[in-house]
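Okay, structure first, notes after.
The values are calculated or read from the model by the stated rules, or taken from the named source; none is laboratory data. Computed from a predicted structure; not experimentally measured. All accessible areas refer to the heavy atoms of the entire protein, side chains included, with ligands and DNA or RNA removed. Shrake-Rupley method; radii C 1.70, N 1.55, O 1.52, S 1.80 Å.
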Amino acid sequence: MAKSSFPGLKTSGGLLPKLIGTGVAIALLVLVVKHPADAATWAKNLAGMAGDVIDGLVSFFRQVGN
């Protein structure tokens with residue numbers, strides 16, 4: 001049976017990227033379990049920064065369009 005994949009998307013990787021991804025996931029899980037208040041504060045700050053970035057991009061494209 002043929003593998004389904006998207007053009008330009010690598011569906012498999014080496015061992016090192018998988019280990020790094022697993023390590024990051026475990027670290028985030030431990031952070032949320034041991035320090036939930038800090039994790040919530042960081043998530044809120046990240047969401048706020050993402051909103052600021054989007055607002056900045058919208059402002060930039062509106063100015064370029066004029």
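Among the residues of region 30-42, the ones that are β-branched (Val, Ile, Thr) and open to solvent by 90 Å² or more (accessible area, probe 1.4 Å) come to 1 in all. Here Asn45 meets each of (1) of a type outside the set (Gly, Ala, Ser); (2) at pLDDT below 95; (3) open to solvent by 80 Å² or more (accessible area, probe 1.4 Å) with one exception, condition (2).
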